[in-house]
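Novice: Just dropping this structure here.
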């Protein structure tokens, strides 16, 4: 049988726990129970945000790489010196805009020579001259003077006699060369 002192301690302990439980269950002041502190609100916003992110990700993944009909292709070519890795020129072609040959670095050309710009598709019989190029100057070539552009199309700058190649084909050494890459 427990002693009277032990019973007093047990009753005191139970009353203490009941007092703490009642304090925990007290209603909060009105400011603390506003809609801004609502757990349901924040759970709903988090769920909505996650659903929107999932829908956006699904749309991006399914549309990745799909080009709408009628949108013109964009091509980029980086021309480098044979055996080199530093870009010398960049070719940009986009839609109905003229093809642009843009210098990236300074090219030196002997006084008795000129640079000539060429292109050739994989299935073409011969390269096509796109004109003479002055070092350091941007060249614009209208697309109506070109066969249709295609991926992997070769572009090059060769060193030719003044006035260009006498044969209509590259005769001099290649100074810069690169292949077209289709950019979506």
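Novice: Could you tell me which residue of region 147-163 is modelled with the lowest pLDDT, considering only residues that are under 17 Å from residue 92 (Cβ atoms) and surrounded by fewer than 16 Cβ atoms within 10 Å (Cβ to Cβ)?
Specialist: 148
Novice: Which members of region 68-93 meet the condition of being crowded, with 16+ Cβ neighbours inside 10 Å and modelled with pLDDT under 80?
Specialist: 73
Novice: Can you pull out the residues in region 164-184 that are modelled with pLDDT under 90 and exposed (fewer than 13 other Cβ atoms within 10 Å of the Cβ)?
Specialist: Across region 164-184, the qualifying residues are 168, 183, 184.
Novice: Looking only at region 128-146, filter to residues that are touching a strand residue (DSSP E or B) at 6+ places or on another chain (Cβ under 7 Å) and at pLDDT below 85; which one of those is farthest from residue 166 (Cα to Cα)?
Specialist: Here the residue is 143.
Novice: Might you check whether a residue that is over 30 Å from residue 139 (Cα atoms) and either surrounded by 11 or more Cβ atoms within 10 Å (Cβ to Cβ) or modelled with pLDDT of 85 or more (or both) occurs anywhere in region 11-33?
Specialist: Yes.
Novice: Now for a separate question. Please verify whether residue 158 is part of a strand (DSSP E or B) and either out of contact with any strand residue (DSSP E or B) (no Cβ under 9 Å at 6 or more places or on another chain) or over 24 Å from residue 73 (Cβ atoms) (or both), treating the condition exactly as stated.
Specialist: Against the criterion (part of a strand (DSSP E or B) and either out of contact with any strand residue (DSSP E or B) (no Cβ under 9 Å at 6 or more places or on another chain) or over 24 Å from residue 73 (Cβ atoms) (or both)), residue 158 qualifies.
The values are calculated or read from the model by the stated rules, or taken from the named source; none is laboratory data. For clarity, every value in this text was computed on a predicted model and none was experimentally measured. In this analysis, Cβ positions are derived from the backbone assuming ideal geometry, glycine residues included, and neighbour counts consider all displayed protein chains.
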